[in-house]
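Colleague: One structure coming up, written as structure tokens, with questions to follow.
Here, each number is a calculation from the coordinates, and none is a lab measurement. Bear in mind the structure is a predicted one, so any value in this text is a computation, not a measurement. No Cβ is skipped: glycine too gets one built from the backbone with ideal geometry, and neighbour counts run over all protein chains shown.
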Amino acid sequence: MEVRNACACWLVLLFWVAVAATGVRCSKFDDLVQPSWATDHIIYEGELLKLKLDNSSGAGFASKSKYLYGKVTAELKLVEGDSAGTVTAFYMSSDGVTHNEFDFEFLGNRTGEPYLVQTNLYINGLGNREQRMDLWFDPTADFHAYSILWNPRQVVFLVDDTPVRVFSNKEKHGIAFPRDQPMGVYSSIWNADDWATEGGRVKTDWSHAPFLATFRSLRIDGCEWAPSADAAGGAAEVQRCSASEWGKEGRYWWKEKEMEALSLHQSHQLIWARANHMVYDYCNDPGRFPTQPPECGK
């Protein structure tokens, strides 16, 4: 027995020596996400995951599964210092031309100027629903939580659990709502100096590279879509994720009654955030939309 245990210990030791020698890294993020492009620009540093942008490439990751409804949260620290021209995105998206998508896009700025956080929604392939806000803290100084809640009644964007945007289900008014396309969870960093900072007037200063966006944690609570579901099986998955309060993942708390609308406290938080930090709302842009988009007036 002692010889067998000693052999087992040596095998474990040899395994980790081999891992170290080949450069393979294990991370707490590995169960949920995988690199989607530029693997050499994705850095595992202890318990952190960093996406790097330099003048050769940005980087990104994608969840290993897709989900229909749920809540995703990233604890993220944005690029420090002069980040003008850069964009860090955290978002959910389905596939195809008529895809659905919920975006957090963090627009870099010159040192000392505020980051702008742009949110957007695509529904059946149609976007152009941008809103922009500044923040009530420095998002480069520490980690903050950015969340997307999605259920059959609403999509809510939250910053440190404060709602900053709500897209409610208004299908009874003929307005499309995302309800039947499974979505993956993604993040990326890239150069967008043609539009990201002051409409593209301020360009990326590559002397400040590399630009690093740092994740401390990622949590996904959602109804996991069966990867083998085809077109016929997809209807069954929609039914499973939409109709039951329980599933193979446990209790679908994101669909319970209290999650169908904001609480009174959350409603007050949303009003405060919009009144004090909103800098652009597509609903109030007659130059782009002479006729207000239908979801804005309902």
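Colleague: Consider E113 carefully, then state whether it is out of contact with any Cys (no Cβ under 7 Å at 6 or more places or on another chain), assigned to a strand (DSSP E or B), surrounded by fewer than 20 Cβ atoms within 10 Å (Cβ to Cβ) and not hydroxyl-bearing (S, T, Y).
Modeller: Against the criterion (out of contact with any Cys (no Cβ under 7 Å at 6 or more places or on another chain), assigned to a strand (DSSP E or B), surrounded by fewer than 20 Cβ atoms within 10 Å (Cβ to Cβ) and not hydroxyl-bearing (S, T, Y)), E113 does not qualify.
Colleague: Do we have Y91 as in contact (Cβ under 8 Å) with a residue 24 or more places away in the chain, part of a strand (DSSP E or B), surrounded by 19 or more Cβ atoms within 10 Å (Cβ to Cβ) and at positive phi here?
Modeller: Details: in contact (Cβ under 8 Å) with a residue 24 or more places away in the chain: yes; part of a strand (DSSP E or B): yes; surrounded by 19 or more Cβ atoms within 10 Å (Cβ to Cβ): yes; at positive phi: no.
Judged against the criteria, Y91 is not a match.
Colleague: Looking at (1) surrounded by 13 or more Cβ atoms within 10 Å (Cβ to Cβ); (2) under 25 Å from D161 (Cα atoms); (3) of a type in the set (D, E, K, R), find the lone condition where R251 falls short.
Modeller: (1)
Colleague: Please go through the range 256-296 and pick out each residue that is surrounded by fewer than 11 Cβ atoms within 10 Å (Cβ to Cβ) and either under 22 Å from L116 (Cα atoms) or of a type outside the set (S, T, Y) (or both).
Modeller: Scanning the range 256-296 gives K257, E258, L264, H265, A275, N276, P286, G287, R288, P290.
Colleague: For the range 263-276, does any single residue satisfy the condition of being part of a loop (DSSP other than H, G, I, E, B) and either in contact (Cβ under 8 Å) with a residue 40 or more places away in the chain or touching a strand residue (DSSP E or B) at 6+ places or on another chain (Cβ under 9 Å) (or both)?
Modeller: Within the range 263-276 (the criterion being part of a loop (DSSP other than H, G, I, E, B) and either in contact (Cβ under 8 Å) with a residue 40 or more places away in the chain or touching a strand residue (DSSP E or B) at 6+ places or on another chain (Cβ under 9 Å) (or both)), the answer is no, since none of the residues qualifies.
Colleague: Could you list, in sequence order, all residues of the range 61-95 that are over 30 Å from V202 (Cα atoms) and of a type in the set (G, A, S)?
Modeller: S63, S65, G70, S94
Colleague: Let me ask something else about it. Condition first: without any contact (Cβ under 8 Å) to a residue 24 or more places away in the chain and under 15 Å from the mean Cα position of the chain (by Cα). Now tell me which residues in the range 159-198 satisfy that.
Modeller: Across the range 159-198, the qualifying residues are D160, D161.
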